[in-house]
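The next block holds one structure in the form of C-alpha cells; read it before the comments.
The values are calculated or read from the model by the stated rules, or taken from the named source; none is laboratory data. Nothing here was measured: the structure is a model prediction, and the numbers come from that model. Glycine gets a Cβ as well: all are built from the backbone with ideal geometry, and neighbour counts include every protein chain shown.
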Amino acid sequence: MIQLGDLIAPDGIVFDLSATSKADVLDVLAVRAAALVGRDANEVTHVIRDREALGSTGFGAGTAIPHGRLPGLNGIVAVAARLVTPVAYAALDGLPVDLVILMLAPSAAGADHLKALARISRALRDAAFCAMLRGAGSEDVFYNVLAGARRSEAA
C-alpha cells in the first residue's frame, strides 16, 4: 500500500506558506515539486493548472490535492504545505484551504496514481490527522505527522 511517508520527503514540505491566492499556492508548490524531480517549474505549473482547469482539487474541510501526470517522471512524488492563512480555492464545500498536498505521477503510473490519490484523500478526510497537521509547531513536527500516518496505519 502506498503511504504518505513514501510520497513526501522532508524536503517536500513548505511549512507556514504565506500566500494570498490559490494561484500563489500552486506556483510555490510547483516550484518545490519541480526542484525535487529535476524538472522545469513552468512545466510542472502547466501540468497542475491544466488539471485544475478540469475542476477544483479543493477536497473540502480546508484541504486540497492538486495533482497531475508528468511525462518522464521516475515515480510518484508529493509536496505538502500548511498555509499561514487559508486561501479561497473553489473547494467542493466552499471553504478556504490551508492544507495542500500536491502530487505528481508519471504519465504511465496507471493504478498507482489512483492509489496514491486515494491514500492522500483518506489521510485528509481524517479530522484528527488534519488537526495535528494544523497544530504542528515546526516543520519537523509537520513532516513527522505526515510520515507518522504510515506507521499508525501499519498497526
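Of note:
- Y143 assigned to a loop (DSSP other than H, G, I, E, B) and of a type in the set (F, W, Y): no
- When restricted to residues that are within 18 Å of A127 (Cα to Cα), within 9 Å of the chain's Cα centre (by Cα) and outside any strand (DSSP E or B), region 63-110 contains 1.
- Single unsatisfied condition, F15 versus (1) over 12 Å from M103 (Cβ atoms); (2) in a helix (DSSP H, G or I): (2)
- Of all residues in region 29-49, one or more are closer than 21 Å to R134 by Cα, in contact (Cβ under 8 Å) with a residue 40 or more places away in the chain, surrounded by 15 or more Cβ atoms within 10 Å (Cβ to Cβ) and among the hydrophobic types (A, V, I, L, M, F, W, C).
- Among the residues making up region 86-117, those that are touching a residue at least 40 places away in the same chain (Cβ under 8 Å) and farther than 20 Å from A53 by Cβ are A109, D112, K115, A116.
- Per-region count, region 12-35, residues touching an Asp or Glu at 6+ places or on another chain (Cβ under 8 Å) and either modelled with pLDDT under 95 or hydroxyl-bearing (S, T, Y) (or both): 0
- Meets criteria (crowded, with 17+ Cβ neighbours inside 10 Å and modelled with pLDDT under 95) for L4: yes
- A127 vs. criteria over 11 Å from the mean Cα position of the chain (by Cα) and of a type in the set (A, V, I, L, M): yes
- Being of a type outside the set (D, E) and under 17 Å from P10 (Cα atoms) holds for only one residue in G68, G75, G94, G135, and it is G75.
- For region 51-62, a residue qualifies if it is buried (at least 19 other Cβ atoms within 10 Å of the Cβ) and not in a helix (DSSP H, G or I), and the qualifying residues are T57, G58, F59, G62.
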